[in-house]
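The values are calculated or read from the model by the stated rules, or taken from the named source; none is laboratory data. Treat the numbers as computed from the prediction; the structure is a model and nothing was measured. Here the Cβ positions follow ideal geometry from the backbone for every residue, glycine too, while neighbour counts run over all protein chains shown. Remember, those area values only see protein heavy atoms, side chains included, never the ligands or the DNA or RNA. Shrake-Rupley method; radii C 1.70, N 1.55, O 1.52, S 1.80 Å.
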There are 2 protein chains.
Amino acid sequence: MKVSFIGLGVMGFPMAGHLAQAGLDVTVFNRTESKSITWTEAYKGCYKKTPKLAVEHSDIVFICVGNDDDLKQVMLGKDGILAGAKTNAVIVDHTTTSADIARALSAICAEQQISFLDAPVSGGQAGAENGQLTVMMGGKESDFNRVEPVIKHFSKFVKLMGEVGSGQLTKMVNQICIAGVVQGVAEGLHFARSAGLNGVDVVEVISKGAAGSWQMDNRHNTMWQGQYDFGFAVDWMRKDLGIALDEAKKNKSTLPLTSLVDQFYADVQNMGGNRWDTSSLMARLEVHRK
Amino acid sequence: MKVSFIGLGVMGFPMAGHLAQAGLDVTVFNRTESKSITWTEAYKGCYKKTPKLAVEHSDIVFICVGNDDDLKQVMLGKDGILAGAKTNAVIVDHTTTSADIARALSAICAEQQISFLDAPVSGGQAGAENGQLTVMMGGKESDFNRVEPVIKHFSKFVKLMGEVGSGQLTKMVNQICIAGVVQGVAEGLHFARSAGLNGVDVVEVISKGAAGSWQMDNRHNTMWQGQYDFGFAVDWMRKDLGIALDEAKKNKSTLPLTSLVDQFYADVQNMGGNRWDTSSLMARLEVHRK
């Protein structure tokens with residue numbers, strides 16, 4: 001089967017690699033050409049100079065780019081995907097975007113007899129590298145069934161959440177929940193330090209019960225030490241929370257905590273933490289500590 | 001070994017029961033006498049009409065009452081524990097209180113050659129009933145070593161966190177973290193409903209990753225259905241968050257989320273939710289939903 005992968009960032013690079021390793025005929029495109037070259041040196045496959053050329057013969061086109069604007073460009077540009085894709089191709093977009101753009105692109109694709117599935121992922125860079133991503137999808141069931149066996153090559157769990165856009169909405173719920181958990185753990189550890197407790201001992205005691213979370217298990221140690229030079233960056237989190245807050249305005253849900261934490265991330269950006277891990281909400285609380 | 005248990009509420013009743021079942025000679029006291037009678041019908045042991053009489057011959061005195069004021073009364077009242085306790089007895093207080101009162105009572109006890117350990121618990125009513133509580137303790141190591149084997153009869157994990165008061169401070173971290181997690185999950189599910197998603201399906205997808213938490217695993221189903229008539233009551237949570245926020249003022253830590261969520265629980269109280277489970281933050285978000 002011929003497939004394309006558009007976007008070789010920290011996520012797309014290893015995801016496309018898993019597809020090549022599984023024996024698929026993979027053609028890639030990346031805006032910065034040097035990354036495409038590196039990819040073809042690492043994996044069996046070829047690259048093209050435009051999205052249009054990269055997708056011409058593909059049954060499935062995977063996309064993983066930065067944001068709504070990048071996605072519009074690779075899809076709708078003069079040399080974009082829709083200028084080259086075959087009739088009956090399926091486009092699977094792994095970018096985290098608004099639900100609106102997923103719906104709009106799906107409608108445009110339908111005019112060309114091309115299918116579109118929104119398919120944001122969780123699991124981060126590590127999940128992409130070891131092929132253990134979770135993929136939350138929106139679109140038609142018949143399209144989902146066509147692509148699911150291929151997506152399995154880089155994921156541990158794939159689920160169709162509903163019509164197009166539902167994958168993006170599910171990803172927004174994920175980010176909303178993370179915002180609350182991280183700020184809660186940050187305040188807990190900040191309080192612990194102020195109260196003279198050892199935060200690592202405290203987590204040993206409380207992490208198995210009602211206060212426990214993935215963030216507590218996997219981030220308390222680095223938070224306690226003030227290490228944030230890894231993981232999912234604050235800039236990306238703000239992009240995702242911005243999408244969720246925009247959507248909440250449209251669907252009339254109330255997200256006071258998410259809105260507040262988004263502002264806290266703005267503080268972290270102002271501290272120079274644009275590339276720090278999401279757990280750096282702790283650094284914001286401790287900014288005045290000597 | 002002779003022990004006493006003061007306070008037979010939803011926690012103390014089964015905790016004292018586990019001690020009796022382990023073969024200890026248990027004398028109980030409860031403010032409402034009928035509960036003491038029920039306890040002696042359920043377990044081998046006897047009850048007394050005052051804390052003073054209940055503790056007279058005991059090596060270890062356990063306490064589990066409502067709040068700081070209740071604790072002061074059973075400790076320092078005319079017929080209180082300190083009017084009856086033996087020299088060299090150890091008092092283990094399982095009430096969730098301020099760290100200050102733990103320190104003050106410890107100092108008063110020391111004048112009578114009596115030891116005091118603060119020992120708040122997590123695990124809830126279910127943990128008390130099946131003997132699987134977590135106990136976070138503050139006090140002297142020698143005292144801790146004397147009581148630990150006995151506490152094991154109703155707990156799965158016991159840890160000395162530091163000097164007296166440290167148990168209470170650890171419990172405060174626990175409640176701070178819970179506040180963030182619950183509000184995050186509530187906003188996530190509220191958003192999911194507004195966006196037309198099935199919240200239970202969403203949790204299936206996101207709960208194994210970075211958004212995952214005990215609260216998500218154990219409360220999403222009841223939150224989605226709007227069931228809150230069980231669990232750890234909002235009134236108790238507000239008591240605990242009040243203690244944490246007072247302590248934060250003293251130790252100069254900053255808890256913006258905890259403070260906000262405390263106010264949200266005030267809204268839930270005004271909705272009549274005093275006895276609803278902590279997860280009823282969801283009900284507050286959905287109050288306007290038809």
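Here are some notes:
- Fully extended contour minus Cα-Cα distance, from B:Lys44 to B:His288, at 0.36 nm per residue: 82.7 nm
- Taking a ≥ b ≥ c as the square roots of the eigenvalues of the alpha-carbon gyration tensor, region A:2-163 is classed rounded because a/c is under 1.5.
- If you take the Cα centroid of region B:139-174 and the Cα centroid of region A:199-258, the two points sit 29 Å apart.
- GNM remark for chain B: springs join alpha carbons under 10 Å apart, and the peak mean-square fluctuation among B:Val90, B:Val182, B:Val202 falls on B:Val202.
- Listed pairs A:Lys35/A:Lys239; A:Lys78/A:Lys252; A:Lys239/B:Lys159 exceeding 32 Å between Cα atoms: A:Lys78/A:Lys252; A:Lys239/B:Lys159
- Bridge type composition, chain B - antiparallel percent by DSSP, nearest 5: 15
- Cα gyration tensor shape of chain B, rounded if a/c is under 1.5, else prolate or oblate by comparing a/b with b/c: prolate
- Phi to ³J(HN,Hα) by Karplus 6.51 cos²θ - 1.76 cosθ + 1.60 over region A:149-155, Hz, x for Gly, Pro: x, 6, 4, 4, 5, 10, 9
- Per-residue shielding of A:282-288, expressed as the average number of other chain Cβ atoms within 10 Å of the residue Cβ, stands at 2.
- For peptide B:116-122, the mean count of partner chain Cβ atoms within 10 Å of a residue's Cβ comes to 1.
- Cβ-derived FRET efficiency at R0 35 Å, B:Ala107 paired with A:Gln227, nearest 0.05: 0.35
- Residue among A:Ala192, A:Thr170, A:Leu160 farthest towards the positive dipole end of region A:155-247, charges placed on Cβ: A:Leu160
- Here the spin labels are modelled as points 7 Å beyond Cα on the Cα-Cβ line, and at B:Gln132 and A:Asn274 they lie 4.8 nm apart.
- Shielding of peptide A:243-255 by partners, expressed as the average count of other chain Cβ atoms within 10 Å per residue Cβ, is 4.
- Antiparallel DSSP beta bridges within region B:2-163, percent to nearest 5: 10
- Rg in Å to one decimal, and Dmax rounded to a whole Å, for the protein assembly as shown via C-alpha atoms: 28.1, 90
- Inter-copy label distances for B:Asn270: 3.0 nm (label point placed 7 Å from Cα along Cα→Cβ; shortest first).
- Cα centroid separation, region A:266-289 to region A:36-75 (Å): 34
- Of every Cα-Cα pair in region B:170-290, the percent that sits beyond 25 Å: 23
- Where A meets B: accessible area buried, both sides, 1.4 Å probe, Å²: 4600
- Simple point charges give the picture: +1 on the Cβ of Lys and Arg, -1 on the Cβ of Asp and Glu, and for region B:2-163 a dipole about the Cα centre of about 320 debye.
- Distance-filtered residues of region A:91-135 - backbone nitrogen under 18 Å, label point 7 angstrom along A:Lys249 Cα→Cβ: A:97-102
- Dipole magnitude for the protein assembly as shown: computed about the Cα centre from +1 point charges on Lys and Arg Cβ and -1 point charges on Asp and Glu Cβ, it is near 20 debye.
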